[in-house]
Structures are given as structure tokens and as C-alpha cells.
Amino acid sequence: MSETLDRTPAGVASPLPGATIIGRIRGMLLSALGAALGYSILGTASKGGCFDAVSEEAAADSACVNLTLHPSPIVFIAIAVAVIVAITLVLRPGRSEASALRIIDRAVVIIIAGTLAWAALTMVSFFAIPLEPPGPGEPFTIPFTFGNVDIDITP
């Protein structure tokens, strides 16, 4: 009989003090994990091309350029920092449950919006990189990108 009395009815929050906040923190952690996983997928791309020489004399200078984009670790660090800062702010003395829930909800919005914005900027900056191979003895220069780019130049 005591087992049935210890259970809470379906749809009712746990009687545990702070259960609402703990549930919202769990949601924030799952959102952060989803954002990190999504960025891992969205932050990966590649492009390449081969360029033929104009004359036979320059045929030795023809090259293929392949660029591969990898996610930036800055985003993963920013997600972790946002979660830690949100939990730290919730734990400050004098917080009400409503203000704690607002902080957690804002952290989720910041994590998701920041990750999506960074992924979009990463893709735009990556696809703006020109593929022309460098001349003899010149380095392949990449303008500022928001991700890590690997360069592979093959003759």
C-alpha cells in the first residue's frame, strides 16, 4: 500500500523541491547537446576544383585545390560556458523560481541562436574562399573564416 502512496499522479510535477528548475536544467543540457551535435553536422563542408594551365609551358603549374571545413572548437567552448554561467546565475542567493526559469530559458535561446548564427557565418565565409591555386612559390591564403579549414593542393 505504501508504494501507491509514494507515487505522484501522472502529469503532476515531482514533489521534490526545485523539481521544476531541475527539469528545466535537464532541458537546457539536452538543448546544448543538440546544438553541439547540430553544429558538428552543419559546420562540416568541402569544396574543390582543378585548374588547367593555359599553355603547354605552364602545364606543370596546373593544380587541384581541395578545402575541407571542420567545426570550430570555439563554439563548443561557448556552449559549455553558457551552460555553466546559467547554472551559476541560478544558484545565486535570493533567486526566485521564476527568475531562475527565465535565466535557463534565455540561456537555451542564446545557445541555439548563437550556434545557428555561427554555423551560417561559417558557411558563408567558407564558400567565399576563392579556389584559384597560388602561383609558384606563393602560399595559399585564406581570409578569415569561422571554422577550421584544411587545404590540400595537388599538382
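Given the options Ile112, Ile84, Ile77, name the one that is assigned to a helix (DSSP H, G or I), surrounded by 14 or more Cβ atoms within 10 Å (Cβ to Cβ), at pLDDT 85 or above and of a type in the set (A, V, I, L, M). I'd like the intermediate steps shown before the answer.
Details: Ile84 fails: surrounded by 14 or more Cβ atoms within 10 Å (Cβ to Cβ); Ile77 fails: surrounded by 14 or more Cβ atoms within 10 Å (Cβ to Cβ).
On inspection, the qualifying residue turns out to be Ile112.
Among the residues of region 39-51, is there at least one that is of a type outside the set (Lys, Arg), at pLDDT below 85 and open to solvent by 30 Å² or more (accessible area, probe 1.4 Å)?
Within region 39-51, one or more residues are of a type outside the set (Lys, Arg), at pLDDT below 85 and open to solvent by 30 Å² or more (accessible area, probe 1.4 Å).
Can you name the residue in region 122-155 that is at pLDDT below 75 and among the hydroxyl-bearing types (Ser, Thr, Tyr) and, of all such residues, is most open to solvent (accessible area, probe 1.4 Å)?
Thr141
The values are calculated or read from the model by the stated rules, or taken from the named source; none is laboratory data. None of these values were measured; they are calculated from a predicted model. Glycine also receives a Cβ, built like all others from the backbone with ideal geometry; neighbour counts cover every protein chain displayed. For the accessible areas, the whole protein counts, side chains as well, though only heavy atoms, and no ligand, DNA or RNA atoms are used. Shrake-Rupley method; radii C 1.70, N 1.55, O 1.52, S 1.80 Å.
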